[in-house]
Amino acid sequence: MKKKLSGFSAGGFARPLICKGDKWKDKRGCLVTVENYRFNRVTFYRDGYSSPCMQSDLRFLIEFQPVDEVKP
């Protein structure tokens, strides 16, 4: 049996990357800014709040979506 190579392969990341300074939004549209991501913990600031929030990375990915900013 001959194996057919279509040239297509799985690539890229299965989940979005969490990087410092990135903006994310929750299901209500509230924005958050990632402050730190270490040891499977994401520390972020919600807009309008002065104290940081912390969640596990898996819960953060479930509750938030990355914001695509339009750069001029």
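The values are calculated or read from the model by the stated rules, or taken from the named source; none is laboratory data. Only a predicted model underlies this, so the values are computations on that prediction, with no experimental measurement involved. Positions of Cβ are generated from backbone atoms using ideal geometry, with glycine treated the same way; all protein chains shown enter the neighbour counts.
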Would you say residue 59 is among the basic types (Lys, Arg) and modelled with pLDDT of 95 or more?
-> yes
Identity of the residue in the stretch 29-58, among the basic types (Lys, Arg) and surrounded by 11 or more Cβ atoms within 10 Å (Cβ to Cβ), that ends up farthest from residue 16 (Cα to Cα) = 46
Candidate set: the stretch 13-29, residues that are among the hydrophobic types (A, V, I, L, M, F, W, C) and closer than 16 Å to residue 59 by Cβ; chosen: the one nearest to the chain's Cα centre (by Cα) | 18
